[in-house]
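Trainee: Let me give you the structure first, and then I'll get to my questions.
The values are calculated or read from the model by the stated rules, or taken from the named source; none is laboratory data. Please read all numbers here as calculations on a predicted model, not as lab measurements. Cβ atoms come from the backbone with ideal geometry, glycine included; neighbour counts cover every protein chain shown. Protein only, heavy atoms only, side chains kept; ligands, DNA and RNA dropped before computing areas. Shrake-Rupley method; radii C 1.70, N 1.55, O 1.52, S 1.80 Å.
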Amino acid sequence: MSRVVAITSCEYLSASGGLLRLRQAGIERTLPLADIGALLIDAPALVVSAAAFGQLGRAGVPVVLADAGHAPSLVLLPATHQQAARRRQLAQAHLARERAWGAWRAILDAKLAMQAALLALRGQGADAHRIDRLRARIGAGNVEAMAARAYWRALLPEMPGRIKPGAQDAQNAALNYGYAVLRALVARHVVAAGLNPLFGMAHTNAKNPLPLVDDLIEPFRVAVDARVAAGLPDGDGMTPARKAHVLGLLEVSFRIGGETCNVQRAVEMAVAGYASYVEGRRRTLVLPQAIRLPAPDSGHQGCGSCG
C-alpha cells in the first residue's frame with residue numbers, strides 16, 4: 001500500500017532508477033517511488049533536484065511543501081496523459097447544472113452522515129442524532145454551516161472555533177495539516193482519473209485551483225477529525241510526534257461500494273465513481289456509508305454508520 005512520506009530533516013533529495021534518494025550527513029536512504037502516495041516536504045534547507053520532481057510526477061506522486069510555520073503552502077500535482085482525460089473533461093465542462101447540484105447534495109449528505117457516525121462511535125449519540133436530522137434539510141438554507149457549528153461544538157468543544165490559514169491553537173493546526181495531506185491524496189486521484197480539478201460542483205472561489213478536489217474531499221475529512229479528537233501528543237506546534245499522530249488518518253477505513261477499505265482506496269473509488277457519473281455511465285456517486293476506526297492499542301475496530 002502506498003504511504004505518505006514526510007521529510008523533516010534532509011539535505012538533498014534526488015531520484016533515479018525508480019527510487020527516491022534522501023541524503024543527510026553523507027548517508028543516503030532510498031524509497032521506491034511506487035510505494036509513495038504523497039510526499040510532504042517540511043525541511044527549509046532541503047535542496048531538491050529537478051530530476052526528482054520529474055520522476056515524482058511520472059510516478060503520479062503529489063508533493064506538499066510547508067512554509068516556515070510548518071503549514072502547507074504549496075501543492076504540486078502530476079500531469080496526466082490518459083486518453084480518457086479529454087473525454088472526461090469535456091463531460092465535466094458540459095455537466096448539466098441539475099446533475100452537478102445533485103452530486104453536491106449527495107456529497108454533503110455523505111459528509112453529514114460520516115460526521116454523525118464519528119460522533120456515535122465516540123458515544124455522543126444525542127449529538128450524532130442532531131447532525132443526522134439535518135440531512136433531511138439539505139437544500140433548505142445553509143445546512144452545512146448549521147451542521148458545522150453543532151459538529152465542532154460536540155467533537156472539539158475546547159477548540160476556539162474553526163480557523164483555517166494561520167491557526168495558532170494545536171487542534172486547528174493539526175486539522176489543517178491533516179486536511180492538506182488528505183487534499184493531496186484526493187488531488188492525485190482526480191488528476192490520475194483524467195478529471196480537471198478546476199471544474200467543481202460547489203467550491204467556486206476564483207483563487208482556488210482545486211475546487212473539484214475540495215468538493216470530493218468532504219465525506220473523508222472525518223478521518224482527520226477522528227485523529228485530532230483522539231488527542232494530540234504533548235508539545236508546542238506541529239511537532240514530528242503530532243504530525244505522525246495525524247498521519248494515522250491513513251489507518252481509518254470506510255465502507256464504500258460494497259467493501260471496507262482504507263482511506264486511500266476509498267478516495268480512489270469515489271473519484272472513479274464521479275468520473276463515471278459525469279460521463280453519464282452512473283446515475284449516482286460512489287460515497288462512503290460507514291467509517292471504521294482502529295481502536296487504540298488493540299486489533300479491534302469500531303464501525304459507525306448513519307442513514
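Trainee: Among the residues of the range 104-151, write down those that are part of a helix (DSSP H, G or I) and among the polar types (S, T, N, Q).
Mentor: First pass over the range 104-151, keeping only residues part of a helix (DSSP H, G or I): 104-121, 125-137, 143-151.
If the condition is that a residue be part of a helix (DSSP H, G or I) and among the polar types (S, T, N, Q), then 115 is the only one that fits.
Trainee: Every residue in the range 125-174 that is open to solvent by 70 Å² or more (accessible area, probe 1.4 Å) and either of a type in the set (Ser, Thr, Tyr) or in contact (Cβ under 8 Å) with a residue 40 or more places away in the chain (or both), please.
Mentor: 165
Trainee: Among the residues of the range 42-59, is there at least one that is open to solvent by less than 10 Å² (accessible area, probe 1.4 Å) and over 30 Å from residue 283 (Cα atoms)? Explain how you work it out, then say what you get.
Mentor: At the first step, the residues of the range 42-59 found to be open to solvent by less than 10 Å² (accessible area, probe 1.4 Å) are 52, 56.
From what's left, over 30 Å from residue 283 (Cα atoms): 52, 56.
Checked against the condition, which is being open to solvent by less than 10 Å² (accessible area, probe 1.4 Å) and over 30 Å from residue 283 (Cα atoms), the range 42-59 yields at least one hit.
Trainee: Are any of the residues in the range 266-277 assigned to a loop (DSSP other than H, G, I, E, B), touching a strand residue (DSSP E or B) at 6+ places or on another chain (Cβ under 6 Å) and modelled with pLDDT of 95 or more?
Mentor: First pass over the range 266-277, keeping only residues assigned to a loop (DSSP other than H, G, I, E, B): none.
For the range 266-277, residues assigned to a loop (DSSP other than H, G, I, E, B), touching a strand residue (DSSP E or B) at 6+ places or on another chain (Cβ under 6 Å) and modelled with pLDDT of 95 or more: absent.
Trainee: Here's another thing I want to ask about it. Which numbered condition trips up residue 155, out of (1) modelled with pLDDT of 90 or more; (2) under 18 Å from residue 219 (Cβ atoms); (3) more than 24 Å from the chain's Cα centre (by Cα)?
Mentor: Every condition holds for residue 155 apart from (3).
Trainee: Kindly establish whether residue 228 is in contact with a His (Cβ under 9 Å, 6 or more places away or on another chain), assigned to a helix (DSSP H, G or I), without any contact (Cβ under 8 Å) to a residue 40 or more places away in the chain and not polar (S, T, N, Q). So that I can check it myself, show each step before the final result.
Mentor: Details: in contact with a His (Cβ under 9 Å, 6 or more places away or on another chain): yes; assigned to a helix (DSSP H, G or I): yes; without any contact (Cβ under 8 Å) to a residue 40 or more places away in the chain: no; not polar (S, T, N, Q): yes.
Considered against the rule, which asks whether it is in contact with a His (Cβ under 9 Å, 6 or more places away or on another chain), assigned to a helix (DSSP H, G or I), without any contact (Cβ under 8 Å) to a residue 40 or more places away in the chain and not polar (S, T, N, Q), residue 228 comes out as no.
Trainee: Does any residue in the range 184-208 that is at positive phi come within less than 6 Å, Cβ to Cβ, of a residue that is open to solvent by less than 50 Å² (accessible area, probe 1.4 Å) and part of a loop (DSSP other than H, G, I, E, B) six or more places away or on a different chain, and which pairs are these?
Mentor: Sorted first by the residue in the range 184-208, then by its partner, the pairs are 194/80.
Trainee: Considering each of 193, 223, 230 in turn, give the residue that is over 17 Å from residue 89 (Cβ atoms) and open to solvent by 10 Å² or more (accessible area, probe 1.4 Å).
Mentor: Values: 193 fails: over 17 Å from residue 89 (Cβ atoms); 223 fails: open to solvent by 10 Å² or more (accessible area, probe 1.4 Å).
Answer to the check: 230.
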